Amino acid sequence: MTLSQIANLILEGKKIGITYHVSPDGDAVGSVLALLNALRSLNKECYVISKDSVSDNLKYLKGSDEIIGDITEAKDETDIIVVLDCGNLDRVSANLEEFTGKIINIDHHLSNDKYGDINYIDSKAAATAEIIFELVNIMGIDFSIENDITKDIGTCIYTSIVTDTGGFRHSNVTDRTHNICSTLKKINVNNTFIYQSLFDNKEFNRIKIIGKALSKMELILGGKVALIELNKTFADEFGGEIGDTSDIISYGLQIKGVEVTLLLKEVEDGVKASLRAKSYVDVRKIAEVFGGGGHVRASGLKIKNVSMEEAKYEILNEIQKEL
């Protein structure tokens, strides 16, 4: 099905739920809120389904205040659910087992399982938001016109692109990426405000958590791997949760000679792992060994019912094969 056909199908829906993957990142949240704001501007009844709340650094996006983790399944009379930026059904931040309407799966991950009734996967898109930019444009959102609606939607899209490209430094950036952002700049989407909100707006305790994590970082496998381990009580002394770890893991790749950063986070039922690569290791391949997924240079996984030591051994064994 073409993107135009999907746009028409969504616009024909009576009540539309929108969701993303668990532990949503900037692309997931930005894409969902861009679509939410676009549909509402077109007088469509729509809402966000989410088991998760939005991280503090994304709360400047319009509609983010509605996402507090209290709507976890489809509301009555919902006929369409659009799932964005999620590679498989198990990772959707919603309970969809009882839903009998249409599921539209829109994503840019090559490893997407195509679990929707309708699937639109564009692995050449740097972020799912690039697809949403085209989708809402087809729906009638004119990004050549500057007004509150286009700026709110554009801010969501620009945020998604910045976060999923690592500030335009990852290899997924294309001329299409820059062309979309150029279009958004022409209607005065404020890139400086977005960067400051994303990266220069941390609580002091967050900085101390990052500092503690970095002080415990190790270099292993000949200095090619930076390892960070965060147990369940890691952040207790700071009176907070570890939360999203993308700001912590990014430091590993700044080290000369490091090709892969592995961050292990102990959770109630096992261990979550985040993987980042600098230039040649395909960490998505490593993540998929454990049922995870993501991008070539940025992926994640979860291993249930294992200790930190067991997870570390298993994952490092796979990393070593790729180095």
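The values are calculated or read from the model by the stated rules, or taken from the named source; none is laboratory data. It should be emphasised that the depicted structure is a prediction, and the values quoted were computed from it without experimental measurement. With ideal geometry, Cβ positions are generated from the backbone for all residues, glycine too; neighbour counts draw on all protein chains shown. Ligands, DNA and RNA are excluded from the accessible area calculation, which covers all protein heavy atoms including side chains. Shrake-Rupley method; radii C 1.70, N 1.55, O 1.52, S 1.80 Å.
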(request) Note the full-extension length gain between Ile145 and Glu203 as 0.36 nm times their separation in residues minus their Cα-Cα distance, in nm to one decimal. (result) 17.3 nm
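Please report, ordered by residue number, every helix of the chain (full DSSP H runs) that is 18 Å or longer along its axis going by C-alpha atoms and whose mean Kyte-Doolittle hydropathy reaches 0.0.
Once both thresholds are applied, what remains is 26-41, 148-164.
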(message) From the phi angles alone, apply the Karplus equation (6.51, -1.76, 1.60; θ = phi - 60°) to the range 100-105 and give each ³J(HN,Hα) in whole Hz, x where the residue is Gly or Pro.
(response) 10, x, 8, 9, 9, 9
(request) Quick one: pull the percent of accessible area on the chain belonging to carbon and sulfur, 1.4 Å probe, ligands and nucleic acids left out. (result) 45
(request) May I ask for the Kirkwood hydrodynamic radius of the range 205-322, worked out over all distinct Cα pairs and given in angstroms to one decimal? (result) 14.1
(message) If R₀ is 35 angstrom, what is the calculated FRET efficiency for the pair Ile220 and His178, using the beta carbon separation as r and rounding to 0.05?
(response) 0.40
(message) To the nearest 20 Debye, how big is the dipole of the chain about its Cα centre, given +1 on the beta carbon of each Lys and Arg and -1 on that of each Asp and Glu?
(response) 1040
(message) Probe of 1.4 angstrom, ligands and nucleic acids ignored: what's the accessible area per residue over the range 205-322, in square angstrom?
(response) 49
(message) With Kirkwood radius over Cα pairs in Å as the read-out, I listed [x] 19.6; [y] 21.0; [z] 20.2; which label goes with the value calculated from this structure?
(response) [z]
(message) Rolling a 1.4 Å sphere over the protein heavy atoms, what is the accessible area per residue of the range 3-200, to the nearest Å²?
(response) 43
(request) Among the listed pairs Lys51/Lys312; Lys62/Lys185; Lys51/Lys185; Lys59/Lys224; Lys185/Lys285, give every one whose C-alpha distance is greater than 26 Å. (result) Lys51/Lys312; Lys51/Lys185; Lys59/Lys224; Lys185/Lys285
